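Asks: First the structure, which I've put down as structure tokens, then a few questions once you've had a look.
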Amino acid sequence: MDKSEEQMRKPIRLIAAACRNMGIGKNRQLPWSLPKEFQFFLNTVTAVSTPDKKNLVIWGRGSWSSCPAGVLPFANCLNAVLSRTLSAVPKHAHYLCKDFGSVIRLVSEPPLCHIVETIWVLGGPAVYKESLEHPWCDLIYLTDIMADFDCDVFFPKFDRNVFRKQNGFPGVPDEIHEEKGIKFQFQVFKKEA
Ligand SMILES: NC(=O)c1ccc[n+]([C@@H]2O[C@H](COP(=O)([O-])OP(=O)(O)OC[C@H]3O[C@@H](n4cnc5c(N)ncnc54)[C@H](OP(=O)(O)O)[C@@H]3O)[C@@H](O)[C@H]2O)c1
């Protein structure tokens, strides 16, 4: 990381929901439909401290394509889609980036360096993995879906001695929720310095 990037540092935060085997998706979709969990996700990624700020949301092409069009655009968010094959910015997205480094450069330079508050990483697995390794990554929001689902994509392994589970994290309810007979709990893991 060069000096200008360091000065423009923004928090990179992952957000995902994973079931017991750490599965996150099946057949290009979420394996479950949990409206309250989805609302927590939306509330989290769209939260900004002042109306002039925005969050940059990073999506792999697969996750972007699997997002139901009806929920886009997200309030207060700029969408960056990662793809090596697309040649045009997809509808409702703002940026098309060929690699993770391009996203970091984008937020390190004007105008985005003045506007973007938080970088939220929305998946999929390879994008999560690359984000976890970035020095700006400080938090993982990972909903524990306390059930078994057949999945074909998985949240990457991460070191729980480096990212420590938090108790009573601000804005994140600790209790176990239940929807459609499925229990789930919001969790936050914070990178220890
Ligand atoms: N449960 C959850 O919280 C959650 C969250 C997100 C997604 N999901 C699920 O995950 C599945 C989608 O995941 P996916 O496997 O399709 O992964 P994905 O990361 O969303 O999409 C993979 C594609 O993204 C592009 N890409 C990824 N990393 C890149 C990089 N560093 N540089 C440039 N392009 C990059 C590539 O596109 P090109 O092939 O165009 O180059 C790659 O083929 C769905 O089932 C979805 O529902 C679940």
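Asks: Based on the Cβ-Cβ distance from Phe169 to Arg84, what FRET efficiency comes out when R0 is 41 Å, to the nearest 0.05?
Replies: 0.70
Asks: For Lys191, give me every one of the aspartates and glutamates with a C-alpha distance below 13 angstrom, ignoring sequence neighbours fewer than eight places off in its own chain.
Replies: Here the aspartates and glutamates satisfying the reach criterion relative to Lys191 are Glu133, Asp138, Asp159.
Asks: Pairs of alpha-carbon atoms within less than 8 angstrom and 6+ residues apart define the contacts here; what relative contact order does the chain have, in percent?
Replies: 31
Asks: Here is a follow-up. Using only the alpha carbon atoms of segment 1-73, find the Kirkwood hydrodynamic radius as the inverse mean reciprocal pair distance, in angstroms to one decimal. Provide the component values of the computation, followed by the final result.
Replies: Numbers: mean 1/r = 0.0675 Å⁻¹.
About 14.8 Å, per the Kirkwood formula over Cα pairs.
Asks: Picking from Asn79, Ala47, Val116, whose Cα lies most toward the positive end of the charge dipole for segment 1-141 (charges on Cβ: Lys, Arg +1; Asp, Glu -1)?
Replies: Asn79
Asks: Once both labels are modelled 7 Å past Cα along the beta-carbon direction, what's the Glu192-Lys26 spacing in nm?
Replies: 3.6
Asks: Of all the accessible heavy-atom surface of segment 3-160, with the other protein chains kept in place and a 1.4 Å probe, what percent is carbon and sulfur?
Replies: Working: 4210 of 7850 Å².
Carbon and sulfur atoms account for 54 percent of the accessible area of segment 3-160.
Asks: Please tell me which of these pairs span more than 26 angstrom C-alpha to C-alpha: Lys36/Lys190; Lys36/Lys98; Lys54/Lys183?
Replies: Working: Lys36/Lys190 23 Å; Lys36/Lys98 33 Å; Lys54/Lys183 32 Å.
Pairs exceeding 26 Å: Lys36/Lys98; Lys54/Lys183.
Asks: Efficiency by 1/(1 + (r/R0)^6): what FRET value for Lys53 and Lys98, r their Cβ-Cβ distance, R0 = 22 Å, to the nearest 0.05?
Replies: Values: r = 26 Å, r/R0 = 1.19.
Here the calculated transfer efficiency is 0.25.
Asks: Quote the charge dipole size of segment 3-160 about the Cα centre in Debye, to the nearest 20; the model charges only the Cβ of Lys and Arg (+1) and of Asp and Glu (-1). Don't skip to the end; give the middle numbers.
Replies: Numbers: 18 positive and 15 negative charges, 56 e Å.
With only Lys, Arg, Asp and Glu charged at Cβ, the dipole is about 280 debye.
Asks: At 1.4 Å probe size, with every protein chain present, just tell me what the per residue accessible area of the chain comes to in Å².
Replies: On the way: 10200 Å² over 193 residues.
Per residue, the chain has an accessible area of 53 Å².
Asks: Still on this model: Around Ala17, which amide H atoms from residues at least 5 apart in sequence, or from another chain, sit under 5 Å from its own amide H, with H modelled in the peptide plane?
Replies: Result for Ala17 returns Thr143.
Asks: Counting only helical runs of four or more DSSP H residues, what would the 222 nm mean residue ellipticity of the chain come to if each run contributes -39,500 (n - 2.57) and the total is spread over all its residues?
Replies: Calculated mean residue ellipticity at 222 nm is -6000 deg cm²/dmol.
Asks: Can you give me the three principal axis dimensions of segment 3-160 from its C-alpha atoms, in Å, biggest first?
Replies: Largest first, segment 3-160 extends 45, 35, 33 Å along its Cα principal axes.
Asks: What ranking do 138-145, 171-178, 17-24 get when scored by the average of other Cβ atoms within 10 Å per residue, highest first?
Replies: Details: 138-145: 20.5, 171-178: 11.8, 17-24: 18.9.
The densest-packed peptide leads the list: 138-145, 17-24, 171-178.
The values are calculated or read from the model by the stated rules, or taken from the named source; none is laboratory data. Just so it is clear, the structure is predicted and the values come from calculations on it, not from any experiment. Please note: Cβ atoms are built from the backbone with ideal geometry, for glycine as well, and neighbour counts cover all protein chains shown. Side chains included, ligands, DNA and RNA excluded: accessible areas come from the protein's heavy atoms. Shrake-Rupley method; radii C 1.70, N 1.55, O 1.52, S 1.80 Å.
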